[in-house]
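Read through the structure below, which is laid out as structure tokens, and then see the notes.
The values are calculated or read from the model by the stated rules, or taken from the named source; none is laboratory data. Small disclaimer: the values here were computed from a predicted structure and weren't measured. Every residue, glycine as well, gets a Cβ built from its backbone with ideal geometry; the counts of neighbours run over all protein chains shown. Side chains included, ligands, DNA and RNA excluded: accessible areas come from the protein's heavy atoms. Shrake-Rupley method; radii C 1.70, N 1.55, O 1.52, S 1.80 Å.
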Amino acid sequence: MSSERIRRFLAGQAPPTPFLVVDTALVTARVREFAAEFPHSRLCYAVKANPEPAVLRAVLAAGGGFDVAGPAEITACLAEGAAPESLSYGNPIKKAADIAFAFEHGVREFTTDAESDLRQIARHAPGSAVSVRMLVETPASATPFGRKFGCTPAEAVALLRLATDLGLTPGLAFHVGSQQPDPSAWDTGIATAAKVAAEAGIPLAHLNIGGGFGIRYRDPVPSLAEYAAVVRAALAAHFPTPPRLVLEPGRAVVAEAGLIRTEVVLVAWRGEHRWVYLDIGRYNGLAETENEAIPYRFEDGGGERGPVILAGPTCDGDDVLYQHTPCELPLALAPGDQLGILDAGAYTASYSSVAFNGIEPLRTYCLE
Ligand SMILES: *Cc1c(COP(=O)(O)O)cnc(C)c1O
């Protein structure tokens with residue numbers, strides 16, 4: 001479950017709820033595990049999952065780099081001592097000024113999926129490495145990207161050639177969707193990359209296989225070793241000479257290192273349903289309960305349990321966490337009781353709104 005250090009923190013002078021507590025030693029351990037399972041690859045932690053300075057330091061301590069989405073994340077990583085060449089600007093949506101900012105600060109690796117962006121990179125970050133992000137048809141993940149990112153393989157061939165003509169170092173990228181439980185998604189992506197590179201007649205300097213590695217919320221997911229085995233087999237099957245891999249995990253690095261502590265605000269029977277309202281909801285940390293995409297596990301005080309509908313504290317009708325996902329909590333649960341939300345280190349605090357209904361963003365305590 002959660003770490004000994006988190007247990008001790010909770011047993012001591014725990015602060016008012018809601019809050020997130022992160023054991024950064026688990027972050028470092030996880031980055032090391034990635035390095036062991038994916039030797040000869042570069043890991044760029046997706047900062048948006050949890051940008052706490054202590055989390056960034058924990059990634060650095062294990063030799064990790066960073067996938068950054070814009071100037072603020074670049075500044076945050078450099079402030080913690082990251083080398084600019086360990087940053088990869090992975091957001092395909094960027095202003096010219098942001099590319100120039102990145103280049104001025106030493107960033108030399110970018111991801112793109114459209115011609116105009118590629119030309120902007122050539123202009124404002126000349127000579128950089130660029131990964132062309134392809135849209136690959138993969139099994140559904142828990143929180144898919146839909147069709148927002150990635151060009152078709154045919155467009156990728158053209159963009160690889162254009163990148164070369166513009167003096168950039170070309171590579172390819174894909175992202176199989178976040179919380180992807182099916183490792184065959186990476187086989188599809190790697191096969192597509194090999195085909196595109198062969199058709200373009202361009203040897204890939206690198207292949208960015210994104211993030212998306214799942215963690216166990218309620219349902220089991222493959223281990224990192226199982227994901228790695230599929231990736232290794234796909235590289236051997238599809239590439240005569242495998243390119244250098246870049247990985248961009250976010251969730252799988254930080255989710256299991258964090259626990260949220262929340263308090264029950266109200267319990268009410270509405271018809272035959274027991275509604276439980278917490279002091280955390282969609283807008284102050286549990287954004288990923290949208291469409292009930294991520295089914296968090298709860299830790300309670302025990303006793304006989306019964307079904308509940310779980311909701312957040314705000315005056316917004318969408319601030320309901322689970323009404324279709326089965327959820328059981330103690331029958332004796334009452335206002336003031338506290339619950340733990342497990343594996344909550346990723347995409348919680350970073351998604352928290354500034355002041356919706358006057359509620360402050362989710363406070364994070366990092367144990368270093
Ligand atoms: C969000 C994001 C990631 C991280 O995805 P996870 O599912 O958290 O591993 C990696 N790369 C890019 C480009 C992203 O936008």
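Calculate the FRET efficiency for Leu10 and His324 from the Cβ-Cβ distance with a Förster distance of 25 Å, rounded to the nearest 0.05.
0.25
Dipole size in debye (nearest 20) for the chain around its Cα centre, Lys and Arg Cβ +1, Asp and Glu Cβ -1?
620
Can you tell me, using C-alpha contacts under 8 Å and at least 6 residues apart, the relative contact order of the range 278-319 as a whole percent?
In percent, rounded to a whole number, it is 57.
Let me check against my output: what whole-number percent is the relative contact order of the chain, with C-alpha pairs under 8 Å and at least 6 apart?
After rounding, I find 20 percent.
Please compute the contact order of the range 1-119 in relative form: average sequence separation of alpha-carbon pairs under 8 Å and at least six residues apart, divided by the residue count, as a percent.
With pairs under 8 Å counted, the relative contact order is 18 percent.
What does the extension gain come out to for Ile93 and Glu137, with contour length at 0.36 nm per residue minus their alpha carbon separation?
Contour length minus the Cα-Cα distance gives 13.7 nm.
For the chain, which whole percent of the accessible surface, found with a 1.4 angstrom probe, sits on carbon and sulfur atoms?
Here carbon and sulfur together make up 54 percent of the probe-accessible area.
Hey, any idea what Rg/Rh is for the range 189-242, computing Rh the Kirkwood way over Cα pairs?
On the Cα set of the range 189-242, Rg over Rh gives 1.07.
Roughly how big is the range 291-368's charge dipole about its Cα centre, with Cβ charges of +1 (Lys, Arg) and -1 (Asp, Glu), in debye to the nearest 20?
40
Using amide H atoms built 1.01 Å from N in the peptide plane, name the residues 5+ places from Arg305, or on other chains, whose amide H lies under 5 Å from its own.
Hits under the 5 Å cutoff: Leu331.
Sorted by mean Cβ packing within 10 Å, highest first, what order do the peptides 159-172, 290-303 take?
Descending packing order for the listed peptides: 159-172, 290-303.
Using the alpha-carbon centroid of each, what span in Å lies between the range 113-159 and the range 316-336?
40
How do 7-16, 209-218, 121-130 rank on mean C-beta neighbours within 10 Å, highest first?
Put in order of decreasing packing, that is 209-218, 121-130, 7-16.
Largest first and in whole Å, give the semi-axes of the chain's equivalent ellipsoid, each being the square root of 5 times a Cα gyration tensor eigenvalue.
39, 21, 19
Can you work out the PRE-style zone for Arg218? Point 7 Å along Cα to Cβ, and I want the residues of the range 338-352 with backbone N under 20 Å.
Hits in the range 338-352 for Arg218 at 20 Å: 339-348.
Could you tally the net charge around Gly250, taking each other residue with its Cβ under 10 Å from the Cβ of Gly250, Lys/Arg +1 and Asp/Glu -1?
So the environment of Gly250 carries a net charge of 0.
From the mean inverse distance of alpha carbon pairs (Kirkwood) and the Cα radius of gyration, derive Rg over Rh for the range 142-288.
Reported Rg/Rh (Cα atoms, Kirkwood Rh): 1.14.
I'd like to know which of Ala122, Thr152, Val253 lies farthest towards the positive end of the charge dipole of the chain, counting +1 on Cβ of Lys and Arg and -1 on Cβ of Asp and Glu.
Ala122
Kirkwood Rh, the range 256-367, all Cα pairs: how many Å?
Value: 14.2 Å, from the Cα pair sum.
State in Å² the accessible area per residue of the range 256-367; use a 1.4 Å probe, count heavy atoms of protein chains only, and round to the nearest integer.
44
With angles folded into 0 to 90 degrees, how steeply does helix 115-124 sit against the dominant principal axis of the chain? Use alpha carbons for both and round to 10.
Taking the Cα atoms of the chain, the angle to 115-124 is about 80 degrees.
Based on DSSP H runs of at least 4 residues, each adding -39500 (n - 2.57), what is the mean residue ellipticity at 222 nm of the chain after dividing by all its residues, to the nearest 500 deg cm²/dmol?
Taking each H run of at least 4 residues, the total per residue is -9000 deg cm²/dmol.
Which whole-Hz ³J(HN,Hα) couplings does the range 321-338 yield from phi under the Karplus relation 6.51 cos²θ - 1.76 cosθ + 1.60, θ = phi - 60°, glycine and proline marked x?
Karplus-based 3J(HN,Hα) across the range 321-338 equals 7, 9, 10, 9, 6, x, 9, 10, 9, x, 5, 7, 4, 9, x, x, 5, 10 Hz.
By how many nm would the segment from Arg32 to Arg147 grow when fully extended, if each residue of separation counts as 0.36 nm and the alpha-carbon distance is taken off?
38.2 nm
Between His105 and Ala293, how many nm apart are label points set 7 Å from Cα along the C-beta direction?
Simple spin-label model gives 2.5 nm for this pair.
Over what distance in Å are the Cα centres of the range 162-199 and the range 270-305 separated?
Their Cα centres are 37 Å away from one another.
Report ³J(HN,Hα) in whole Hz for each residue of the range 341-351, in order, from the Karplus equation J = 6.51 cos²θ - 1.76 cosθ + 1.60 where θ = phi - 60°; Gly and Pro get x.
10, 8, 6, 10, x, 10, 6, 10, 4, 5, 9
Work out the P(r) tail for the range 1-129: percent of alpha carbon pairs separated by more than 22 Å, whole number.
When all Cα pairs of the range 1-129 are counted, 45 percent exceed 22 Å.
List every residue whose amide H lies under 5 Å from the amide H of Val68, counting only residues 5 or more places away in sequence or on a different chain, with H placed 1.01 Å from N in the peptide plane.
Ser88, Tyr89, Gly90
Report the full-extension gain for the segment Arg363 to Ala79: residue separation times 0.36 nm, less the Cα-Cα distance, to one decimal in nm.
That pair, Arg363 and Ala79, stretches by 100.2 nm at full extension.
State in Å² the accessible area per residue of the range 25-253; use a 1.4 Å probe, count heavy atoms of protein chains only, and round to the nearest integer.
So the range 25-253 comes to 39 Å² accessible per residue, rounded to a whole number.
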